[in-house]
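Bear in mind these aren't lab numbers, they're just calculated from the coordinates by the rules spelled out. Note that the coordinates shown come from a computational prediction; the quantities given were computed from them, not determined experimentally. Ideal geometry is used to build each Cβ from the backbone, glycine not excepted, and the neighbour counts take in all protein chains shown.
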Amino acid sequence: MARISGHPEISRRSIFHALNQKAVARLFANSIGRKYEELNLIIAHMGGGISVGAHRLGRVVDVNNALDGDGPFSPERSGSLPAGQLAALCFSGKYSHDEIKSMLTGKGGMVAYLGTNSFRDVCSMADKGDEKSLLVIRAVCYQVAKEIGAMASVLHGNVDAIILTGGMAYQQSAVKDIKSMVDYISKVIIYPGEDEMKALAFNALLALDGKLEIKNYS
């Protein structure tokens, strides 16, 4: 059901920060003496791209496509854009296919608005009184919170925790903004940063210890 997009020519795909989302989910579960497979979690990875996933009992049952123009905008990705206006841009004759792709991934989001993909720099600019930077920060936090709210409905409101992770989670002001909008849903846990190699090693150790099933994919 979650893969239905609204048109049969396009299906929703799960392209997201799976390694880091799964790793922090297991870290949190371990910290409270539970198994990941026993919990319902909403995890927002906030880095160069932003993905927000609904984790139901060990499975990611819905998530925005963080690579291809879906969900919140991020430091360098445009996220969801109004389809009609995007189609008009595509056929305006002003941009090539490659340029449109760059608008979506690489040169979108904060890069397009402010000329930088450094969330730390944008926060610094806002702290110095730059109103446009402050507006963009508040907008991205607003969109992340909206996506978290959407995933709460996917889990029927039964949410054990909301986890914020990725590089943007180091910025306390952004975390505070998001938390203020979603902490009525469930407690908010922060795991700032990401370490995909550590995540791989962590899951390999769980598999070697017999705590995680090794799956074969064809």
Neighbour counts of other C-beta atoms within 10 Å: give me I42, I178 arranged from fewest to most.
I178, I42
Using square roots of five times the C-alpha gyration tensor eigenvalues, list the equivalent-ellipsoid semi-axes of region 99-218 in whole Å, biggest first.
31, 20, 15
So how do 208-215, 121-128, 23-30 stack up, highest first, on mean other-Cβ count within 10 Å?
23-30, 121-128, 208-215
Between G49, G129, G84, where does the largest GNM mean-square fluctuation fall for the chain, given springs only between Cα atoms within less than 10 Å?
G84
When I148, I190, I185, I43 are arranged by how many other beta-carbons sit within 10 Å of their Cβ, fewest first, they go I190, I185, I148, I43
What are the ³J(HN,Hα) values, in whole Hz, obtained from phi via the Karplus relation 6.51 cos²θ - 1.76 cosθ + 1.60 with θ = phi - 60°, for each residue of region 167-178 in sequence order, with x given for Gly and Pro?
x, 5, 6, 6, 7, 4, 5, 5, 4, 4, 4, 5
Separation between the I15 and A2 pseudo-spin-labels, each 7 Å from Cα along Cα→Cβ, expressed in nm?
1.7 nm
Mind pulling up the Rg/Rh value for region 40-131? Radius of gyration and Kirkwood radius, both on Cα.
1.06
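Could you work out the relative contact order of region 25-66? I mean the mean sequence separation of Cα pairs under 8 Å and 6+ apart, divided by the number of residues, in percent.
Taking the mean separation of contacting Cα pairs over the length of region 25-66, I get 30 percent.
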Relative to the chain, whose Cα atoms define the longest principal axis, helix 18-31 and its Cα axis are tilted in degrees, nearest 10, by 40 degrees
Kindly work out what percent of the DSSP beta bridges joining two residues of the chain are antiparallel, to the nearest 5.
60 percent
Give me the compactness ratio for the chain, meaning the Cα radius of gyration over 2.2 N^0.38 Å.
1.06
Helix-derived mean residue ellipticity, 222 nm - over the chain, DSSP H n ≥ 4, -39500 (n - 2.57), to 500
-13000 deg cm²/dmol
What is the local net charge at S78, summed over the other residues whose Cβ is closer than 13 Å to its Cβ (Lys, Arg +1; Asp, Glu -1)?
-1
Can you put F73, F202 in order, fewest other beta carbons within 10 Å first?
F202, F73
